[in-house]
1. Within region 97-116, track down each residue that is assigned to a strand (DSSP E or B) and hydrophobic (A, V, I, L, M, F, W, C).
2. Just to be sure before I move on: is E144 charged (D, E, K, R) and more than 19 Å from R77 (Cβ to Cβ) in the structure I sent?
3. Which residues, taken from region 2-27, are surrounded by fewer than 18 Cβ atoms within 10 Å (Cβ to Cβ) and either on the phi > 0 side of the Ramachandran plot or not in a loop (DSSP other than H, G, I, E, B) (or both)?
4. Hey, could you check region 132-165 for residues that are among the hydrophobic types (A, V, I, L, M, F, W, C) and buried (at least 17 other Cβ atoms within 10 Å of the Cβ) and say which is farthest from E86 (Cα to Cα)?
5. Quick check on my filter: what residues within region 132-162 are among the acidic types (D, E) and outside any loop (DSSP other than H, G, I, E, B)?
6. Can you tell me which residues in region 117-131 are in a helix (DSSP H, G or I), touching a residue at least 40 places away in the same chain (Cβ under 8 Å) and over 16 Å from E87 (Cβ atoms)?
7. If I filter region 61-75 for residues that are out of contact with any Asp or Glu (no Cβ under 6 Å at 6 or more places or on another chain), within 27 Å of R172 (Cα to Cα) and not aliphatic (A, V, I, L, M), do I get at least one hit?
Amino acid sequence: MAEQKMAGTDRRDYLLKVLNQATEPLTGNALAKKTGVSRQVIVQDISLLKATGEQIMATSQGYLLLKHTKNDRTFKRLIVCQHTPEETAEELYLMVDQGVMVRNVVIEHPVYGDLEAMLMLKDRHDVNEFLTKIKTTNAPYLAELTDGVHIHTLESDREEKIESCIDALEARGLIFHSES
């Protein structure tokens, strides 16, 4: 049951509070139920909060408020992959199975430039949810616009995990190699 509808400013303050306390992404539908408004109003509120400088990220699982800590020991690496849509599940499973989070996917579009989608996939459950959303919405993978070439930002608490991930992707032929 939806709670009573909140006024705009109060609702946005509440959204920030809820997102700040969240340890997992929160969907627009869940936030809409909590505030008594439609999901579209939440999308608009999130856009307004982003415009004021709030670091809110929309992922395939929902919204996250980015929190930075001084002792953040996260290792990051950009990798370029190329594969067919049918190999996407294998690629993503290989990465998360090595203890690596797949932060995003980026393609270079000939008209729009870099297009980025935040994924934030950290385990097989997240990958399965992402793959299910792609299938049920009949949405194409971004990489389908670029003959399968795309970039991922990988994150891990240990650099060795990223190296192991790259080795696994290389062994399966999923790393992009220029023909020149």
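1. Keep residues of region 97-116 that are assigned to a strand (DSSP E or B), which gives 101-109, 113-116.
Those that are assigned to a strand (DSSP E or B) and hydrophobic (A, V, I, L, M, F, W, C): M101, V102, V105, V106, I107, L115.
2. On the way: charged (D, E, K, R): yes; more than 19 Å from R77 (Cβ to Cβ): yes.
So E144 passes the test.
3. G8, T9, D10, D13, Y14, L16, K17, V18, N20, Q21, listed by residue number.
4. Step one: of region 132-165, the residues among the hydrophobic types (A, V, I, L, M, F, W, C) are 134, 139, 142-143, 145, 149, 151, 154, 162, 165.
Then drop every residue that is not buried (at least 17 other Cβ atoms within 10 Å of the Cβ), which leaves 143, 151, 154, 162, 165.
Details: A143: 12, I151: 17, L154: 21, I162: 23, C165: 19 Å.
Residue satisfying both the conditions and the ranking: I162.
5. Filtering region 132-162 for residues among the acidic types (D, E) gives 144, 147, 155, 157, 159-160.
Those that are among the acidic types (D, E) and outside any loop (DSSP other than H, G, I, E, B): E144, E155, E159, E160.
6. Filtering region 117-131 for residues in a helix (DSSP H, G or I) gives 124-131.
Of the ones still in play, those that are also touching a residue at least 40 places away in the same chain (Cβ under 8 Å) are 126, 129-131.
D126, E129, listed by residue number.
7. So in region 61-75, the residues out of contact with any Asp or Glu (no Cβ under 6 Å at 6 or more places or on another chain) come out as 61-73.
Now narrow it down to the ones that are within 27 Å of R172 (Cα to Cα): none.
No, the conditions are met nowhere in region 61-75.
Conditions (1) touching a residue at least 24 places away in the same chain (Cβ under 8 Å); (2) under 25 Å from L115 (Cβ atoms); (3) touching a strand residue (DSSP E or B) at 6+ places or on another chain (Cβ under 7 Å), marked per residue:
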| position | (1), (2), (3) |
| --- | --- |
| E24 | yes, no, no |
| T27 | yes, yes, yes |
| T35 | yes, no, no |
| A51 | no, yes, no |
| I56 | yes, yes, yes |
| Q61 | yes, yes, yes |
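The values are calculated or read from the model by the stated rules, or taken from the named source; none is laboratory data. Owing to the predicted nature of the structure, the values given are computational and were not obtained by experimental measurement. Glycine also receives a Cβ, built like all others from the backbone with ideal geometry; neighbour counts cover every protein chain displayed.
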